[in-house]
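*Asks:* Below you'll find the structure I mean.
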Amino acid sequence: MIEATDIDTSYGGIQVLWDLSFSVSEEEGVVAIVGPNGAGKSTLLRVLSGIQPIDDGELTLWGEDIESLQPSDVVDMGFVHVSEERNLFNEMTVEENLEMGAYKRRENMESNMQEVYDLFPILDERSSQTAGSLSGGEQQMLAIGRGLMAEPKILALDEPSEGLAPQITDRMFEKIEAISEDVTILLIEQHVNKALSLAETAYLLENGEFVAQDTGQGLLESQHIEDAYL
Ligand SMILES: Nc1ncnc2c1ncn2[C@@H]1O[C@H](COP(=O)(O)OP(=O)(O)O)[C@@H](O)[C@H]1O
Ligand SMILES: [Mg+2]
């Protein structure tokens, strides 16, 4: 469970998140955060990961104050963030990248890897190829698979469809929906329609502030989305 109350953050004295309050529990399926480029979506995920400090407000993960947690503690507790950059080890194989995701979860590694391969069969086929040799879509699958190896309760995906062809994007959303049956997904997306269609709860972030919160469908049909994207 993530609980944020009035959190602020800044880069070098320039504030980019303002008074954000929200919560995400592992009872939820998909929670979406949408908003224009530069709104602060990726920054918010860095805050939740314990990488970017907060200036003000309160942020707890499963009751622990973020200030007392290292980024690796956050992963251990169950919040795993697949960043925009994907950060794969390009020279290492698919399988080795998956193993890296399991560094704290060695005991279930084999069965978790099998689950990732069942979800993304192409990764099984390519298991001994280097990550750097994969297509963009396959690399995104690998980044998500590596995140799943850490057994998250809440998995944050930062623009998983970025750079993917439309057909691959559709398949990616199907996979995200499938994952959300077991793991809560905190989804950041530019494909607003697709993200909001999947989400039970959704937030619209603009200039570092939440300007609307609703069900995914409710937000999709609201004037806010029309105003933000037209
Ligand atoms: N490392 C950084 N240093 C300084 N400013 C940054 C940094 N990262 C992001 N920003 C700025 O913070 C704001 C929010 O960026 P970001 O969180 O990446 O937005 P989004 O993910 O919604 O596109 C933008 O104005 C961006 O230029
Ligand atoms: Mg971003």
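*Asks:* All but one of (1) of a type in the set (A, V, I, L, M); (2) under 23 Å from Gln190 (Cβ atoms); (3) more than 16 Å from the chain's Cα centre (by Cα) hold for Ile7; which doesn't?
*Replies:* Result: Ile7 fails condition (2) only.
*Asks:* I would also like to ask the following. Just for the range 82-111: of the residues that are more than 22 Å from the chain's Cα centre (by Cα) and farther than 23 Å from Lys153 by Cβ, which one is surrounded by the fewest Cβ atoms within 10 Å (Cβ to Cβ)?
*Replies:* First pass over the range 82-111, keeping only residues more than 22 Å from the chain's Cα centre (by Cα): 91-93, 106-108, 110-111.
Next cut, farther than 23 Å from Lys153 by Cβ only: 91-93.
Numbers: Glu91: 9, Met92: 15, Thr93: 16.
Top of the filtered list is Glu91.
*Asks:* Can you name the condition, by its number, that Leu69 falls short on among (1) surrounded by 17 or more Cβ atoms within 10 Å (Cβ to Cβ); (2) more than 22 Å from Ala178 (Cα to Cα); (3) touching a residue at least 40 places away in the same chain (Cβ under 8 Å)?
*Replies:* For Leu69, the exception is condition (3).
*Asks:* Additional query: Restricting attention to strands (runs of 3 or more DSSP E) lying wholly within the range 26-117, give those where 1 or more residues are among the acidic types (Asp, Glu) and within 14 Å of ligand 1 (Cβ to nearest atom).
*Replies:* Numbers: elements: 30-34, 56-61, 79-82.
Fully inside the range 26-117 and qualifying: nothing.
*Asks:* Here's a follow-up. Being farther than 17 Å from Gly38 by Cα and either part of a strand (DSSP E or B) or not polar (S, T, N, Q) (or both) is the filter here, so list the residues in the range 213-230 that pass it. Write out each step before concluding.
*Replies:* Start the filter on the range 213-230 by keeping residues that are farther than 17 Å from Gly38 by Cα, which leaves 213-224, 226.
Result: Gln213, Asp214, Gly216, Gly218, Leu219, Leu220, Glu221, His224, Glu226.
No value in this document is a laboratory result; all are computed from the given coordinates. Keep in mind that this is a model prediction, so the values were computed, not measured. Cβ sites come from the backbone with ideal geometry, for glycine too, and all protein chains shown count toward neighbours.
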